[in-house]
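The values are calculated or read from the model by the stated rules, or taken from the named source; none is laboratory data. What you see is a predicted model, and the numbers here were worked out from it, not measured in a lab. Heads up, the Cβs are rebuilt from the backbone with ideal geometry, glycines too, and the neighbour counts pull from every protein chain shown. For the accessible areas, the whole protein counts, side chains as well, though only heavy atoms, and no ligand, DNA or RNA atoms are used. Shrake-Rupley method; radii C 1.70, N 1.55, O 1.52, S 1.80 Å.
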Amino acid sequence: MAQASISITQAYATLGLENGADMEAVKKAYKEKALRTHPDKVPEERRAEATVEFQNIGAAYETIIKRHQGHDDDEEFDFGSSHMPHFHYGFGGRG
C-alpha cells in the first residue's frame, strides 16, 4: 500500500527530531517509535490508531533515508532503477 508523500521537515517532526538530525539519531528514533506503535504490540482497542501511526513513522523514516541517499522528496524511489547493480551472470548459468 502506497503512503502519502510527506516533506522532509514533517518526516523529522514525526520522528520527534530536529531537521537535519544525523542518521544514528534517525535510526534510534525510528526504532523506538516503531516498537511503541507496532500494531501487534498494542491493546486491541488501540490497534487501528497504532496502525496509522506505525505507517506514518515508516513513511517518515523512508523519506529521510531517501533524502540521505541523495533522492529528492518528489523523486520516485525505485529499487529496480539504475541505482542498483544488475547481475546478468551467475545462478542462471549464463556467462
Being more than 12 Å from residue 59 (Cβ to Cβ) and either over 13 Å from the mean Cα position of the chain (by Cα) or modelled with pLDDT under 95 (or both) is the filter here, so list the residues in region 1-22 that pass it. 9, 13, 16, 17, 18, 19, 20, 21, 22
If we keep just the residues of region 6-23 that are under 19 Å from residue 36 (Cα atoms) and part of a loop (DSSP other than H, G, I, E, B), which is least open to solvent (accessible area, probe 1.4 Å)? 15
Of the conditions (1) more than 23 Å from residue 70 (Cβ to Cβ); (2) surrounded by 13 or more Cβ atoms within 10 Å (Cβ to Cβ); (3) not polar (S, T, N, Q), residue 40 satisfies every one except a single condition; which number is it? (2)
Please state which of the following conditions residue 33 fails to meet, knowing it meets all the rest: (1) open to solvent by less than 80 Å² (accessible area, probe 1.4 Å); (2) at pLDDT below 95; (3) in a helix (DSSP H, G or I). (2)
